[in-house]
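Student: Following this message is one structure expressed as structure tokens.
The values are calculated or read from the model by the stated rules, or taken from the named source; none is laboratory data. No experiment lies behind these values; they were computed from the predicted model shown. No Cβ is skipped: glycine too gets one built from the backbone with ideal geometry, and neighbour counts run over all protein chains shown.
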Amino acid sequence: MFKAKIWKLGDDIDTDIILPTEYLAYETVEKMKPYAFSPLRPDLAAKIQPGDMIVAGHNFGCGSSREQAPEVVKALGVSCIVAKSYARIFFRNAINNGLLLIEQPDLYDEVSEGDVAEVFTGEEIKVNGKSYPIASLPDNLLEILEAGGLVKAMRKKNGLA
Amino acid sequence: MGHTLVEKIIGNKVGHEVKPGDIVTVPVDWCMIDDIMVPFAVQKFQEMGFAKVAKPDSVVLIYDHFLPATQVDDTRHFRVGDEFAEKYGIKNIHRTDGICHQLMTEAGYVKPGDIAFGTDSHTVTYGCVGAFATGIGYTEMAGILGTGELWVRVPESIKVEINGKLPKNVMSKDVILRIIGDLTASGATYQSIEFTGSTIDEMSIASRMTMSNMAVEAGAKCGLFTPDEKTCEYCNIPFDDSVKALNADEDAVYSKVLKYDAKDFVPVLACPSLVDNIHPVAEAKGTKVDQVFLGSCTNGRLEDLQTAAAILKGKHVAPFVKMIVTPASRKIYRQALSDGTLQTLSDAGCIITTPGCGLCCGRGGGILSDDEVVVATNNRNFLGRMGTSKVKIYLASPATAAATAIAGTITEA
Amino acid sequence: MGMTMAEKIIAAAAGVDACTAGDIETVTLDRLMSNDGTTHLTIDMYNNLKHPRIADVDKLVWIIDHNIPADSPKTAASHKKMRDFAREHGITFYEGEGVCHQVMMENHVRPGELILGADSHTCAYGALGAFGTGVGCTDYLYAMVTGTSWLLVPETIRINLHGKLRKGVYARDLILTIIGRISANGANYKAMEFVGDGMASLSMADRISICNLCVEAGAKTALMEVDDVALDYLKDHGREPKAIFKSDEDAIFSQVIDIDLDEIDPIVAKPHFVDNVVPVKECEGTKIDEAFLGSCNNGRIEDLRVGAEIIKGKHVADKVRFLVVPASRAVYKQALEEGLLDIFMEAGAMVMNPNCSVCWGACQGVIGEGETLISTGTRNFKGRAGHKDSFVYLASAATVTASAIKGYITSEV
């Protein structure tokens, strides 16, 4: 179980919002961090603390395949994202970077920014005394997630530490 | 039970029947890596510890987002790509030839029935020739470089059937925008969209590309067209039994079927700032614009330029309005040179840039500032995509774009 | 006592019978050119004036050429400010029509005029016997508001040209040789006047190229006598001279230089100064990453013809980016009609929209760390074309094109 403070965003949070093209070519994700979510909420990246979670509506991460998007969210220290649904490329990219994504249909409509959630991975999320059931990921994805991302999974496969 | 087109393509490659929901590992025919993602893919590849690239001839590096370079670090991406190619024996590199998604079929790589992955979401474009193609992140691309394969979940399919003749001023862009509006931006998430019907049969490959290109804007994993004689001519291959077999069975099962009568389509816009915010052009008529953009992997092809030129011929872009034209590839630029299209567009006052992603990727080519309005033929109108978050982006067909440039306000062709 | 051409133009503009080098005169200006490099700053200052007014709006010409199409929200905002102001006040306005000095030569400059431009290469107008000089935006604002400016009457260096340039040697080689001889500050505050039998063989394109670069020797202006070549050019562009001046036989020159055109060799200016000139053969073999054919110095049809003839049937070297940028829309169209654009595109060059491009070091073709550019642009200062640790060599259209083909600096065509 882990506890996380909620930052709430809307539906269709696209990859240009998560990280605009202007900053994509920065050599390190550290340099990209301040610009995360900047078209929508320029101050958000500075406010997010390690361990916080993002709660959003439908189609989180829609748009481009830019993997800098989940990487920068992970680098901000976000523990997980809880959304009604995800765009598929973002979903794969997040898992490949070891960023936990949870699908939950009801939570978004019933919580407020600043609320604190308790996450029981693969079981439920508790917020304001209410429980929201969550599903577990398919095995092949869990493997990647548990290895700490696809790079580490591949290193293992290639006999490296 | 019958199979959809995507089930057949994947089934052929893995050597057994597949059904939606199956997770299978597929061999990869083509890996496309664009310039933005090259250094990241290379870094992940190295971190993964691979000694060699599994199938160097399947890899295509294309520099297009950063051409012409606008920032001092841009050319680093070319250098990293060149060094990687040299070290691992990758011979397919396009350094200044145009947009990746145009080149992957135009230059003869992707053929019907192939499986292709690219580090850009609009990789779905190659569905125009009946290939299973989709966008992935650079970490997965690094994995494919090393292994030559990738796992996929076999998608459910949505069938979109359109029959009849489209009205004169309606282009395939209007059709796909309307479909996205009906499906919503997440309506096809994880799924394959199959386009069929007599209207589709009549369409050029270029028009089909516009539609497969934008399938991802409804969240789709791929947007497929059944390969036909036109496809084979475009791909320079015989229309033989192996191609004819790439056809959904009559009893294939779809999660959803959308049917349209072609005559019901009207010119539409995706209004700010979501691709599924679709309205007839007529509803926004009169909205003042500052700039018009004709180009991108969605609508930067010869027929798009020709359509705009026919409307602009003998006329001029409105005063204080810019119309920027960015042909999708070197080949298209040259074709438009030789048939007089570029001359007509230049005479009308268009600014014709070198082929590349241009404005669509937001790194140059006509960035806008607060409170400006742009009508653009590309695929995304997200907040901040072409400048500040106060820029209003309307997506439209080349015909609507050209007519709007002349009027200086949004208008139908 | 006799007067120089510069003294005569200033005297006429000051409404006095005579003036002498060293005098300070208040002159009424014929034309005021400003571009998107600094106009937004001028507008900010203008708006802060207590009683803002424009003395004579018909004399203002504003041109967006440096960052077109815009490459960032910042440049887009400065363009919008300029566009809106020009529209509100009825200022003659060009956007995307070409490099300011070329647009001015094609459309506005007349012999005998005194023109201020908020750009250092305004001295190019001397090719038509006009006194053009560059100013900063504060001087520009003063001139815009009052219609006048003060000028220190310059001394004149007279350069006598004899004979004819050999085949394969160009005006660019000549002016670089002269700058190398008198140094980058050898003509500070002075006018450079070109006369002699050698003038007859120089086209308008050659003359603009020569005058344009005089500021790199520090000159306040450059001047050439108005002859049939100049008058024909004017006539072709539908204009008449304002007044034709030439220096008196007994005028006083601070220095007289004689140049035999037949003795000029192909030259390059090495990093990081324009006067750091050597024969091309001394740099032969220096590896390049990018080549640029364009700018107010060498982006005219004559330059494109030189380049096209060399590259026809050949190909740009692997990994080299060759940017070809016509100096104006008129040049673009002429090159299109003559088939030159297709020759460049076929050879793998990148044909761009008319603008300042990489000569200005932003917007298009920026070079990265450690990269080398060979350019027909105006300057090779450290960092001029992009990264602070990059290298720019200046040379003629022929040398630049030959180098693009070989991938290293060479004049062997």
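Student: Part of a loop (DSSP other than H, G, I, E, B), under 26 Å from C:Ile157 (Cβ atoms) and of a type outside the set (Phe, Trp, Tyr), is that true of C:Thr20?
Tutor: Numbers: part of a loop (DSSP other than H, G, I, E, B): yes; under 26 Å from C:Ile157 (Cβ atoms): yes; of a type outside the set (Phe, Trp, Tyr): yes.
Yes.
Student: Residues that are of a type in the set (A, V, I, L, M, F, W, C) and either under 20 Å from the mean Cα position of the chain (by Cα) or under 25 Å from C:Ile252 (Cα atoms) (or both), at least 2 per element: which strands (runs of 3 or more DSSP E) completely within segment C:106-223 meet that?
Tutor: Strands (runs of 3 or more DSSP E) meeting the threshold: C:114-117, C:148-152, C:156-162, C:191-195.
Student: Can you say whether C:Ala395 is more than 9 Å from chain B (Cβ to nearest Cβ) and either among the small types (Gly, Ala, Ser) or surrounded by fewer than 21 Cβ atoms within 10 Å (Cβ to Cβ) (or both), as far as the supplied structure shows?
Tutor: So C:Ala395 passes the test.
Student: Next question, about the same structure. Among the residues of segment B:223-266, which ones are assigned to a loop (DSSP other than H, G, I, E, B) and either in the same structural domain as B:Ala403 (by TED's automatic domain parsing) or among the hydrophobic types (A, V, I, L, M, F, W, C) (or both)?
Tutor: B:Ile237, B:Phe239, B:Ala245, B:Leu246, B:Ala248, B:Val253, B:Phe265, B:Val266
Student: Among the numbered criteria (1) part of a loop (DSSP other than H, G, I, E, B); (2) in contact with a strand residue (DSSP E or B) (Cβ under 6 Å, 6 or more places away or on another chain); (3) without any contact (Cβ under 8 Å) to a residue 40 or more places away in the chain, which single criterion is violated by B:Ala220?
Tutor: Evaluating B:Ala220 over (1) part of a loop (DSSP other than H, G, I, E, B); (2) in contact with a strand residue (DSSP E or B) (Cβ under 6 Å, 6 or more places away or on another chain); (3) without any contact (Cβ under 8 Å) to a residue 40 or more places away in the chain leaves (3) as the failure.
Student: Look through C:Gly339, C:Gly313 and report the one residue that is within 10 Å of chain B (Cβ to nearest Cβ), modelled with pLDDT of 95 or more, over 25 Å from the mean Cα position of the chain (by Cα) and over 30 Å from B:His77 (Cβ atoms).
Tutor: One residue alone meets the criteria, C:Gly339.
Student: In addition: Using the structure shown, decide if C:Ala330 is more than 15 Å from C:Lys287 (Cα to Cα), surrounded by fewer than 22 Cβ atoms within 10 Å (Cβ to Cβ) and within 17 Å of the chain's Cα centre (by Cα).
Tutor: When the stated conditions are applied, C:Ala330 passes them.
Student: Contact list please: Cβ distance under 9 Å, first residue in segment B:153-172 and buried (at least 19 other Cβ atoms within 10 Å of the Cβ), second residue in a loop (DSSP other than H, G, I, E, B) and of a type in the set (Val, Ile, Thr), pairs at least six apart or on different chains.
Tutor: Within 9 Å, the pairs are B:Val154/B:Val18; B:Pro155/B:Thr4; B:Glu156/B:Thr4; B:Glu156/B:Val253; B:Ser157/B:Thr4; B:Ser157/B:Val253; B:Lys159/B:Thr4; B:Val170/B:Val266.
Student: Please name all residue pairs, on different chains or six or more residues apart, with Cβ atoms under 7 Å, provided the first residue is in segment A:129-151 and is within 14 Å of chain B (Cβ to nearest Cβ) and the second residue is surrounded by fewer than 18 Cβ atoms within 10 Å (Cβ to Cβ).
Tutor: Between residues of segment A:129-151 that are within 14 Å of chain B (Cβ to nearest Cβ) and residues that are surrounded by fewer than 18 Cβ atoms within 10 Å (Cβ to Cβ), the close pairs are A:Pro138/B:Ile23; A:Asn140/B:Ile23; A:Asn140/B:Trp151; A:Ala147/A:Lys156; A:Val151/B:Glu47.
Student: Could you tell me which residue of segment B:47-64 is surrounded by the most Cβ atoms within 10 Å (Cβ to Cβ), considering only residues that are over 19 Å from B:His101 (Cα atoms) and within 10 Å of another protein chain (Cβ to nearest Cβ)?
Tutor: B:Met48
Student: Then there is this: Among the residues of segment B:1-46, what is the count of those that are touching a residue at least 60 places away in the same chain (Cβ under 8 Å) and either farther than 30 Å from B:Gly356 by Cβ or away from chain A (no Cβ under 14 Å) (or both)?
Tutor: The total comes to 25.
Student: Right, another one. Can you pull out every residue in segment B:374-401 that is more than 13 Å from every other protein chain (Cβ to nearest Cβ) and either modelled with pLDDT under 95 or part of a loop (DSSP other than H, G, I, E, B) (or both)? Quick ask: steps written out before the conclusion?
Tutor: Here is the first cut: in segment B:374-401, the ones more than 13 Å from every other protein chain (Cβ to nearest Cβ) are B:375, B:377, B:392, B:394-401.
Correct list: B:Thr377, B:Ala396, B:Ser397.
Student: Considering only segment B:126-144, I want to know if a residue exists there that is under 19 Å from the mean Cα position of the chain (by Cα), part of a strand (DSSP E or B), of a type in the set (Val, Ile, Thr) and assigned by TED's automatic domain parsing to the domain that holds B:Gly81.
Tutor: yes
Student: Determine whether B:Leu67 is within 9 Å of chain C (Cβ to nearest Cβ) and either crowded, with 24+ Cβ neighbours inside 10 Å or not charged (D, E, K, R) (or both).
Tutor: Answer is yes for this residue.
Student: Kindly check whether there is at least one residue in segment B:345-355 that is charged (D, E, K, R), more than 7 Å from every other protein chain (Cβ to nearest Cβ) and touching a helix residue (DSSP H, G or I) at 6+ places or on another chain (Cβ under 8 Å).
Tutor: To start, the set of residues in segment B:345-355 that are charged (D, E, K, R) comprises B:347.
Still in the running and more than 7 Å from every other protein chain (Cβ to nearest Cβ): B:347.
Then drop every residue that is not touching a helix residue (DSSP H, G or I) at 6+ places or on another chain (Cβ under 8 Å), which leaves B:347.
Yes.
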